[in-house]
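Here is the structure we will look at.
Read the figures in this text as sums done on the coordinates, not as results from a lab. All figures in this text were calculated on a predicted structure; none of them were measured in a lab. Every residue, glycine among them, receives a Cβ derived from its backbone with ideal geometry; neighbour counts consider all protein chains shown.
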Amino acid sequence: MAHKFEIYKDKAGEFRVRFKYNSEVMFSTEGYSSKASAKAAIDSMKKNGPDAPVDDTTD
């Protein structure tokens, strides 16, 4: 699979989610205290991401 969400624990022991495409990390989330919260973040991104607008603040 060329893309995936990955849940991992950081050095502080918090759960984080990163999105990988062709083994390259495209983004990583904030730390969560529970794996359930990390999974909820993935569900939210899957549900709300496709219709999210782009906010280009470079203008």
Between a residue in region 26-47 that is free of Cβ contacts under 8 Å to residues at least 40 places away in the same chain and any residue that is surrounded by 15 or more Cβ atoms within 10 Å (Cβ to Cβ) and assigned to a helix (DSSP H, G or I), which pairs come within a Cβ distance under 6 Å, given they are 6 or more apart or on different chains? T29/A41; Y32/A38
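So that you can scan it fast, the table gives a plain yes or no per residue for (1) in a helix (DSSP H, G or I); (2) exposed (fewer than 10 other Cβ atoms within 10 Å of the Cβ):
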{"position": "K11", "(1), (2)": "no, yes"}
{"position": "K20", "(1), (2)": "no, no"}
{"position": "V25", "(1), (2)": "no, no"}
{"position": "A41", "(1), (2)": "yes, no"}
{"position": "K47", "(1), (2)": "yes, yes"}
{"position": "P50", "(1), (2)": "yes, yes"}
{"position": "D55", "(1), (2)": "no, yes"}
Scanning region 28-59 for residues that are over 19 Å from A12 (Cβ atoms) and of a type in the set (S, T, Y), the one farthest from the chain's Cα centre (by Cα) turns out to be T58
